[in-house]
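Shown next, in structure tokens, is the structure this report addresses.
The values are calculated or read from the model by the stated rules, or taken from the named source; none is laboratory data. Remember, it's a predicted structure, so these values are computed and weren't measured experimentally. We place every Cβ from the backbone using ideal geometry, glycine too, and count neighbours over all the protein chains shown.
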Amino acid sequence: MIPPIHLLDEIDSTNAEARRRAEGGDASSQWIVARRQSAGRGRRGREWNSDTGNLFATLLTLTNKPAAEAAQITFVAALAVADLLDAFATPGAVSIKWPNDVMLDGVKSCGILIESGTQASGALWLAVGIGVNLAHAPEGTERPATSLAAHLRSDIAYPPAIDDAATVLAETFAVWQARWESLGFQPILDAWTARTRGLDGPCVARLGHETVEGTAEGVAPDGALRLRTADGALRLISAGDVF
Ligand code: BTN
């Protein structure tokens, strides 16, 4: 079943709103979607450009899984966004970059930021925040960015409206989440690996304030990136460390 979608004209941040609801005791799964954010949050404490035309959505969901297992939802989110973009983009354009950047022709088009906490009941809440560049890409960012509008299939004139994109995302997310819940992580990791580029070559992982460079050597069974650093050491970098 697809959680209800609450579409707002403007909010500070859909992740912040999800956190307020979770901390206020709201225990129902729901999507919070905004046409515009006044204080969109990105990874590493950055601002997320949130002008009208792009999708800003957060799934608030509760789980009884231990935190390390619950963090696998980041791979579910990447697959859901990849399916959303696939429905509108030129064939073959969509790929994933570890752990959850969804790319169009190799350029970042989406960002995912997951926040979490514990309710008084002991249940873990997850706020899976997803920003998709539908209509435009921000300029002047540290890494180049693109938008779906620049990669549309030839028979599609415009990127989808926010409410349509949110509905498709909620549907694709529900499919992958149900697979994860019923079959476990392995099929998720397999599907994610098949769509992910750059798991076997030069790689820079940015973890909060630390940057680790090396050569990627695939992923561990829990999705952690195996990164061989210049001194020959093998580091396992958990997707949860990329915040
Ligand atoms: C990144 O830096 O790559 C992650 C960006 C995540 C942005 C989304 S937009 C919807 C949700 N609300 C926020 O404030 N941030 C996330």
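Details
- Region 22-43 - residue that is of a type in the set (S, T, N, Q) and over 25 Å from T141 (Cα atoms) and, of those, farthest from the ligand (Cβ to nearest atom): S28
- Only residues that are within 14 Å of the ligand (Cβ to nearest atom) and either touching a Ser or Thr at 6+ places or on another chain (Cβ under 6 Å) or in a strand (DSSP E or B) (or both) were counted across region 122-134, and they come to 8.
- Residue within region 94-117 that is closer than 16 Å to V168 by Cα, more than 13 Å from the ligand (Cβ to nearest atom) and of a type in the set (D, E, K, R) present: no
- The single condition among (1) loosely packed, with under 15 Cβ neighbours inside 10 Å; (2) in a loop (DSSP other than H, G, I, E, B); (3) of a type in the set (D, E, K, R) that E213 does not meet is (2).
- All positions within region 206-228 that are within 18 Å of the chain's Cα centre (by Cα) and without any contact (Cβ under 8 Å) to a residue 40 or more places away in the chain: L207, A224
- Where K97 falls short, out of the listed (1) in contact with a strand residue (DSSP E or B) (Cβ under 6 Å, 6 or more places away or on another chain); (2) modelled with pLDDT of 95 or more: (2)
- Any hit, region 139-146, residues being in contact with a strand residue (DSSP E or B) (Cβ under 7 Å, 6 or more places away or on another chain), modelled with pLDDT under 95 and closer than 30 Å to G232 by Cβ: yes
- For the condition under 22 Å from A34 (Cβ atoms) and assigned to a strand (DSSP E or B), E139 does not qualify.
- In this entry, A157 passes the filter for residues that are assigned to a loop (DSSP other than H, G, I, E, B), surrounded by fewer than 18 Cβ atoms within 10 Å (Cβ to Cβ) and away from the ligand (no atom under 13 Å from the Cβ).
- Single residue of A18, A82, A71 found to be near the ligand (Cβ under 9 Å from one of its atoms), within 17 Å of the chain's Cα centre (by Cα) and surrounded by 17 or more Cβ atoms within 10 Å (Cβ to Cβ): A18
- G53 vs. criteria more than 8 Å from the ligand (Cβ to nearest atom) and surrounded by fewer than 15 Cβ atoms within 10 Å (Cβ to Cβ): no
- Output for region 1-15, where each listed residue is over 17 Å from L62 (Cα atoms), more than 9 Å from the ligand (Cβ to nearest atom) and in contact (Cβ under 8 Å) with a residue 60 or more places away in the chain: L7
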